[in-house]
Structure formats: structure tokens, C-alpha cells
Amino acid sequence: MSSGLKKRETFSSGIAVFFATLGSAVGLGNIWKFPYLTGVFGGGAFLLVYVLCVIFVGIPVMLAEFFIGRNTRSNVIGAFKKLAPGTMWKHVGTMGVGAAYLIMFFYSCVAGWVYYYLFKSLRGDFVGITTESAKTQFAQTVIGPLTPIIWQIIVMVVVGAILIMGVQKGIERVTKTLMPVLFLLIVICDIRALTLPNAFEGVRFLFNVDFSKLSAVAILTALGLAFFKLSLGMGTMVTYGSYFTKGNNLFRTAASVAFSDTLVSVLAGLAIFPAVFAFGMKPGAGPGLLFMTIPLVFSKMPFGNQLLVAFFFLSSIAATTAMLSLVEVLVAYHTEEFNISRRTASIVNSLIIVVIGSTAALSVDPSSLLGSIKFMGKGFFDWYDYISSNILLPVGGFFIAIFVGYIMKQKAVLDELSNSSPKLAVATKIYLFILKTITPVLLIIIFLNSIGVINFK
Ligand code: PFF
């Protein structure tokens, strides 16, 4: 029985809604995915396509999730049960819960490395490192076997503890305090990186407009990235939307979150690439960039160690606030559908994530037992990532768009999104048109491409 009768918490203000939602969007994706992909796929041209994807796919799905959440004031499965009782639609919510677990299994592992790197930079481990010692330090971090697990546990203790405190006292307070700190730290890193000699090369890598690199693959990459970046397709925004206040202007929230998240990604790129190029290094993506290249180049500049502390602190904030939203999907579901306390739900879910997530952490070392287990060439870590990002998110997003565009009574959507104000009615109508046409078609194309049914070159 869902506990709809219990008084449900909400965020306390529009600013709280903004920072919590932005906290979900801003994550490791801004630091290790976005800047690199932008550089490789044509700089400014890719950025332009990314912005179009945000407008035609990202914002429409985000609004659809806000609608489902705020209208029902329920967790992701409960929301579909309320809007379409007795139907299969609740399984869109089930997929969301599954995706939240899978993303957490590998995300908490990478977050553990980030926390450990913050600790190491505070201890001064990176002072005077060489290319070789950067590699060794990374290998020691990920291979463990104890180190990565211990830090993954620390990460989940932090996330669990914040969630136990509740929506207002936990999520709201932490995101409202830490998101401005993150912004400040990133600007400090930008100033340092952009004043290095040869910084311009890095700026050129990021912004140089090259339409010849805009292949179909680049466009699909931009679409998938927009989806992961904005935490869409799995009910995060349904869950957070269920805590929004009635008067909140959902259009403004969606647009300002999408804009600020993109700004943080660009600022991250401006902190990373000028430094990388200034020291004659080649940019890469993922773990190599974050855990080897960055310590190496930052350690070579004046105030490098302080800057590394700032950089890994801001990355820890980004990872933590994104995880709050992922685990909140699970906590809201368990507290409401099974009537257990928030405390128990937070602890049990953190435990599940540590236990199963450790298989992701331990699979990174190819010489270990778990590292040697592969299905179709992928280990645990890669499978969790692949199934969630490439399958569950686009499929979930597609069904959410269809549900709000075609299954829901359009008057209900219109009233909720426009807050029953005629001023927003036109915007809502344009929005519904995009949600019904462009958004699902693009989502199906990303999905078919990512599972290899269509193959763009
Ligand atoms: N938006 C986060 C990032 O860019 O790192 C990742 C993420 C968080 C994806 C929450 C999905 C989600 F529900």
C-alpha cells in the first residue's frame, strides 16, 4: 500500500529546487565526458548540436518527468501506478529503479577513486610526479583490492547519511551549500589554466568550429550525452519533481538547469584543456584524463597542488550531488511502496550498492578473478554502464515521452505545466508538439544505434 496519506516533504523554495536539480545534472559527466567529446567531435559545431539536442530532447523529457512527479507526488513506480492504474506502464518505473541501481554500481566506484584522489592531493602525493608515477598511483588506486572498496564504502556512507537527513535537511541543504562552492572552485581552476602560456591551444581544441567532424555518430553522441548529463530517462526528475512546490515554474527550472549544467561542462573544459596543451600533453577521456593527465599537468604549475585539491574537491561535490538523486529514486520507492522508514531505506540501498558495486570496482583489474570474467568482451563495470546508459535511459525516455505526449489527458499536462496560467499555455502547446514528434523519433534512433541495429559511420 502506498503511503500517500503520510505528509510528504517538498523542497522549500524555487532556489532549492534549482540547486537540487542542478546537483543531479552536474556530475562526473561534466568533467570526463563532455569536454573531451566536444573537443573530438568538432568543438563549437558539436556544442551547437548538443544545445539543439538539449532543446529538442533533453528539456522536453525533463518537463515530462517533472509533470509525472509533481502531478502524482510519488516515487517513480508509484507515479505510473497512480496515472495509469492496472497497466504495464508501471514497468517504465521499474526500469528506472533498475537503471538507478546499475548506474550506482559503477558510478560509486568512480566516485570512490575521486574521493581517494582528493585525499591523496591533500596529503601531497602528487607533488613532483612523473608520467610513470602518475600511472602507478592510478593503478594502485583502482587495483586495490582493498583501496577501491574502502573508498566506495566511504562514498556510500556519505550519500546514505545525507539521504537519511531527508529531502529538506539533507538533499536541499547540501546542494544549496555545495553547488555555489563547486562553481567558485571551477572558476578558480579556469583562471589558473587560462593564464598559462599556450593556453589558447586548449581553448581552440574545445571551441574550434569544424563542421566536417559532425558525422552522424557525433550527432548521436551529442544526443546520448545530453540525456545522461541531464539525468533523464530513469525517473530521477520524476522523483525530484515530486518534491517541487506547486507554484514552481517548471519551464524556467528546466531551462535554467540545462543552461547551467552546460555552462559547468564548458567551464570544466576550460580548466582542463588549456592546462593539458600548455604542457604538451594529448587530451584523452575518462579515467586516463581525470586520474593521470590532470594530476600530472596540474602538479607542474605554480600552486599546482592547491589547484588539484580544488579540482578533486569540486569533482567530489559533483559526483556526490548526482548520486544523491540516483539513490533518492530508490529511497523514495522503498519508503512509499513498502512503508519502511527513510533511515532503513537509505541504509539498505547503500549496502546493496556497496555489495554489488564492489563487483564493478574489482572487475577493473584484468588480472583479478572478477576482472577475468567477461561476457561478450565486457566486464562487470562496462556492462553496468552499457545497459543503463545505452539501453535503459533512451528506452525509458522514449516511453516517458509517449506516455505524457499520447496517454495522458492533454488538459492535465497543460494545466500542470502552465500552472494553469494562460501566459504559459502557448509554451506548453509548442512543447507538447515537440514531445510528441521530434523527441521520440530521435530517442528511438539513439537506441537502435547504440544496440547496433542501425550503424552510422
Ligand atoms: N547527470 C550525471 C552526470 O552527468 O554525471 C549522471 C546521472 C545522474 C545520470 C543521475 C542519471 C541520473 F539519474
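The values are calculated or read from the model by the stated rules, or taken from the named source; none is laboratory data. This one's a predicted model, so the numbers in the text were calculated from it and none came from an experiment. Reconstructed Cβ throughout: ideal geometry from the backbone, glycine too, with neighbour counts over all protein chains shown. Heavy atoms of the whole protein, side chains included, go into the accessibility calculation; ligands, DNA and RNA do not. Shrake-Rupley method; radii C 1.70, N 1.55, O 1.52, S 1.80 Å.
A few notes on this one:
- The alpha-carbon atoms of the chain define a convex hull whose volume equals 139 cubic angstrom per residue.
- This model, with +1 at the C-beta of Lys and Arg and -1 at the C-beta of Asp and Glu, gives the chain a dipole about its Cα centre of some 880 debye.
- Extension gain, residue 209 to residue 415, is 70.0 nm, computed as 0.36 nm per intervening residue step minus the present C-alpha separation.
- Per-residue Karplus couplings for segment 267-277, computed as 6.51 cos²θ - 1.76 cosθ + 1.60 with θ equal to phi - 60°, are listed in order as 5, 5, x, 6, 7, 8, 5, x, 5, 4, 6 Hz, Gly and Pro entered as x.
- In this structure residue 116 has an accessible area near 40 Å², from a 1.4 Å probe over the protein heavy atoms.
- In straight-distance terms, cross-link reach from residue 423 covers every one of the lysines whose alpha-carbon lies under 21 Å from its own, apart from those fewer than eight places away in the same chain; here that gives 246, 409, 411.
- Residue (of 405, 377, 186) at the positive-pole extreme of the chain, dipole from beta-carbon charges: 405
- Our helix-only sum for the chain, with -39,500 (n - 2.57) per DSSP H run of n ≥ 4 divided by its residues, gives a mean residue ellipticity at 222 nm of -22500 deg cm²/dmol.
- Put the Cα centre of segment 274-333 next to the Cα centre of segment 5-61 and the gap is 18 Å.
- Projecting the Cα positions of 53, 28, 101 onto the charge dipole of segment 4-102 (unit charges on Cβ atoms of Lys, Arg, Asp and Glu, taken about the Cα centre) puts 101 furthest along the positive direction.
- Computed over segment 233-371: relative contact order in percent, which uses C-alpha pairs under 8 Å that are six or more apart: 18
- Exceedance of the 25 Å cut-off in Cα-Cα distance is limited, within the set 135/282; 176/229; 229/300, to 229/300.
- Remark: segment 202-283 is approximated by an ellipsoid whose semi-axes, taken from the C-alpha gyration tensor as √(5λ), come to 32, 16, 11 Å, largest first.
- Length available on full extension from residue 437 to residue 453: 0.36 nm per residue minus the Cα-Cα distance, which gives 3.6 nm.
- Annotation for residue 91 and residue 246: the two label points, set 7 Å from Cα along the Cα-Cβ direction, are 3.6 nm apart.
- Segment 307-316 - phi-based ³J(HN,Hα) in whole Hz, Karplus 6.51/-1.76/1.60, Gly and Pro as x: 5, 5, 4, 4, 5, 6, 5, 5, 5, 5
- Taking segment 41-173 and dividing mean pair separation by its residue count, relative contact order in percent (alpha carbons under 8 Å, at least six apart): 16
- Rolling a 1.4 Å probe across the protein heavy atoms gives the chain an accessible surface of 39 Å² per residue.
- Average projection, convex hull of the Cα set of segment 298-457: 16.6 square nanometres.
- Packing-based ranking of 161-167, 282-288, 307-313 yields 307-313, 161-167, 282-288, ordered from highest to lowest mean Cβ neighbour count within 10 Å.
- Between segment 405-420 and segment 155-191, the Cα center-to-center distance that results, in Å: 33
- Note on segment 13-60: Cα Rg divided by 2.2 N^0.38 Å, N the number of residues, gives 1.35.
- Cα-based equivalent ellipsoid of segment 352-421: semi-axis lengths in Å, sorted from largest, via gyration tensor: 42, 13, 7
- Simple spin-label estimate for residue 340 and residue 256 gives 3.6 nm between the two label positions (7 Å along the Cα-to-Cβ direction from each Cα).
- Sorted peptide list for 118-128, 319-329, criterion being average Cβ within 10 angstrom, highest first: 319-329, 118-128
- Computed Kirkwood radius, in angstrom, where 1/r is averaged over Cα pairs of segment 307-388: 14.9
- Put a plus charge on the Cβ of each Lys and Arg, a minus charge on the Cβ of each Asp and Glu, and nothing anywhere else: the dipole of segment 346-449 about its Cα centre is then about 460 debye.
- Computed over segment 244-348, the ratio Rg/Rh where both radii use C-alpha atoms and Rh is Kirkwood: 1.13
- Solution diffusion estimate, µm²/s, Stokes-Einstein, segment 28-111, Kirkwood Rh from C-alpha pairs, 10 °C, viscosity 1.306 mPa s: 104
- The chain: relative contact order as a whole-number percent, Cα under 8 Å and 6+ apart: 33
- Carbon plus sulfur fraction of accessible area for the chain, probe 1.4 Å, in percent: 71
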